[in-house]
Amino acid sequence: MTAVRGLAALVFGFVVLLWPGLDEHVLAVAFGGFALADGLVLVAVAVAGRDVLEQWWLVLVEGAVGTAVGAVALAWVAIGGLSLLALLAAWAVITGVAEIEAGVRLRRLAGSEASLLLAGGLSLLAGVALIAVPSDDPVSVGWAIGVFGLGYGGLLTFVAARLRRRARGAQVDALR
């Protein structure tokens, strides 16, 4: 599921950066689709993993926030300007804090794994930057969040690959 989230973020980043004539409507639809997909994946992870995840409800809350933010952005495509920026920033801050918390737990369980901490930190930093330096220019906001999408997606994809390698290694060790 982490890989799916990472790939969705990469697609989002590429769409925003490569879309000709990027405007507020395209930005709202791209972000809304990404946040909705990300949120739904997290909700599915929380529901499916409630028996094994220590704090599954935190994943559920993060997923519900992403789903709600994505739905708002898609339903209110004309949101534009600073309202869209505030929505993006709030999502990034909430996601960043949740992933930092998950990264701390994962680090306790898996040792030196810090990739999820980095992804959460990047999300939190992006949210704070969007709040600290507000701009209603869709092109500059698009570039900022497009680059964020690529970095965030790359980190999540890296986390997924590392977790998969660790799981395979544990399976091999169990067979010995």
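Taking the conditions (1) part of a helix (DSSP H, G or I); (2) more than 21 Å from Leu130 (Cβ to Cβ); (3) touching a residue at least 24 places away in the same chain (Cβ under 8 Å) in turn, Ala46 satisfies each one other than (3).
So is Leu74 surrounded by 16 or more Cβ atoms within 10 Å (Cβ to Cβ), more than 22 Å from Leu122 (Cα to Cα) and modelled with pLDDT of 90 or more or not?
Details: surrounded by 16 or more Cβ atoms within 10 Å (Cβ to Cβ): yes; more than 22 Å from Leu122 (Cα to Cα): yes; modelled with pLDDT of 90 or more: yes.
Criteria met by Leu74.
Out of all the residues in segment 26-40, is one or more crowded, with 16+ Cβ neighbours inside 10 Å and part of a loop (DSSP other than H, G, I, E, B)? No: zero hits.
Scanning segment 1-59 for residues that are of a type in the set (Gly, Ala, Ser) and closer than 15 Å to Gly154 by Cβ yields Ala3, Gly6, Ala8, Ala9, Gly13.
Selection of segment 38-84 for residues being among the aromatic types (Phe, Trp, Tyr) and more than 15 Å from Ala98 (Cβ to Cβ) yields only Trp76.
For segment 47-60, filtering for residues that are touching a helix residue (DSSP H, G or I) at 6+ places or on another chain (Cβ under 9 Å) and modelled with pLDDT under 90 leaves 9. The residues in segment 98-153 that are surrounded by fewer than 18 Cβ atoms within 10 Å (Cβ to Cβ) and among the small types (Gly, Ala, Ser) can be counted, and the count is 9.
The values are calculated or read from the model by the stated rules, or taken from the named source; none is laboratory data. Bear in mind that the values here come from a model prediction, so they are computed numbers and not experimental data. With ideal geometry, Cβ positions are generated from the backbone for all residues, glycine too; neighbour counts draw on all protein chains shown.
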